[in-house]
Amino acid sequence: MNEQTQVTQAQATPAQATAAPTTAASETPTKATPTLPNAQTITKVTQWTDRLFSFRVTRPQSLRFRSGEFVMIGLMGDNGKPLLRAYSIASPSWDDELEFYSIIVQDGPLTSKLQHIKVGDQIILRPKPVGTLVHDAILPGKRLWLFATGTGFAPFASLLREPETWENYDEVIITHTCREVGELAYGRALVESLAADPLIGEMVGDKVKYYPTTTREESPKMGRITDLMRSGEVFADLGIDPIAPETDRAMVCGNLAFNLEIKELMEGYGLREGANSSPKEYVVEKAFVD
């Protein structure tokens with residue numbers, strides 16, 4: 001890990017225990033002749049675990065989005081109609097391609113098909129980005145918290161590579177809670193790459209703190225992030241003051257129970273929930289809770 005990326009001592013080991021992801025990519029990807037509505041072509045697929053994978057696709061020339069937003073993507077269903085789900089764009093707004101991060105849901109209508117995509121295949125992508133995990137939805141502050149569980153890390157993968165994130169905040173804290181160590185690999189790899197990023201590396205400096213935890217498999221830092229916040233352990237581990245509305249801002253992306261629990265904590269700290277039309281101190285993405 002680059003010396004500029006701060007982690008607590010407890011988090012130094014899991015990366016060593018995580019197997020390297022398997023990647024399939026086209027060195028000179030070409031866009032296939034469209035056979036689907038709003039078709040985009042797969043340019044890279046990376047398998048992170050047996051249930052988690054990321055993939056990159058061509059970007060529609062007309063697509064403009066804010067880092068942190070999501071779009072509808074999918075494939076044709078067995079009934080001949082588009083089968084679409086909301087997916088956060090994991091790549092930043094300036095990227096020439098679009099990246100997505102997915103879990104394979106057992107018997108899931110879409111992911112049971114999506115897990116078999118390969119370079120050169122096509123997916124459906126509706127170019128109408130929306131979402132609340134954007135800088136416009138929160139008021140200026142000094143410290144930004146990004147709270148994620150599982151594939152909820154995806155929108156933060158976009159925001160962490162967005163220059164505005166590092167221009168706006170003196171410190172960025174990423175918490176990522178998963179069941180098993182291997183499920184942290186995608187987020188860990190991205191965080192570790194920030195300091196060497198040619199666009200934002202110098203801006204990142206020592207501003208980033210990464211706090212991964214697991215709830216099922218043994219790791220150096222066990223526990224649900226909400227429990228660790230209530231006990232004060234997070235703040236002690238990171239050597240920082242507790243969350244305060246005068247300085248802290250937060251973005252939340254996880255399952256429904258997690259979102260509600262974090263909301264309760266944020267309100268307890270005195271933060272108010274914001275939206276695109278009414279920026280406040282924290283925001284929650286509600287598109288994925290079902």
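Quick notes
- Entry remark, the stretch 85-104: residues being open to solvent by 10 Å² or more (accessible area, probe 1.4 Å), part of a strand (DSSP E or B) and within 13 Å of GLN40 (Cβ to Cβ) number 3 in total.
- Within the stretch 162-180, the set of residues being in contact with a Pro (Cβ under 6 Å, 6 or more places away or on another chain) and open to solvent by 10 Å² or more (accessible area, probe 1.4 Å) comprises just one member, GLU162.
- Residue in the stretch 22-41 that is modelled with pLDDT of 95 or more and of a type outside the set (Gly, Ala, Ser) present: yes
- Filtered residue count, the stretch 105-133, keeping only those that are outside any strand (DSSP E or B), open to solvent by 10 Å² or more (accessible area, probe 1.4 Å), at pLDDT 95 or above and of a type in the set (A, V, I, L, M, F, W, C): 2
- Considering LEU238, LEU184, the condition of being in contact (Cβ under 8 Å) with a residue 40 or more places away in the chain, open to solvent by less than 30 Å² (accessible area, probe 1.4 Å), in contact with a Cys (Cβ under 7 Å, 6 or more places away or on another chain) and within 25 Å of VAL283 (Cβ to Cβ) is satisfied by LEU184 alone.
- Looking only at residues of the stretch 187-200 that are of a type in the set (Gly, Ala, Ser) and at pLDDT 95 or above, we find that the one that is surrounded by the most Cβ atoms within 10 Å (Cβ to Cβ) is GLY187.
- Some residue of the stretch 149-161 being open to solvent by less than 60 Å² (accessible area, probe 1.4 Å) and farther than 27 Å from THR22 by Cβ: no
- Unmet criterion (only one of (1) open to solvent by less than 20 Å² (accessible area, probe 1.4 Å); (2) more than 21 Å from LEU184 (Cα to Cα); (3) of a type in the set (Ser, Thr, Tyr); (4) without any contact (Cβ under 8 Å) to a residue 60 or more places away in the chain) for SER231: (1)
- Scanning the stretch 67-84 turns up one or more residues that are of a type in the set (Val, Ile, Thr), closer than 23 Å to ASP50 by Cβ, buried (at least 18 other Cβ atoms within 10 Å of the Cβ) and in contact (Cβ under 8 Å) with a residue 24 or more places away in the chain.
The values are calculated or read from the model by the stated rules, or taken from the named source; none is laboratory data. Quick caveat, the model's predicted, so the values are computed rather than measured. Ideal geometry is used to build each Cβ from the backbone, glycine not excepted, and the neighbour counts take in all protein chains shown. Remember, those area values only see protein heavy atoms, side chains included, never the ligands or the DNA or RNA. Shrake-Rupley method; radii C 1.70, N 1.55, O 1.52, S 1.80 Å.
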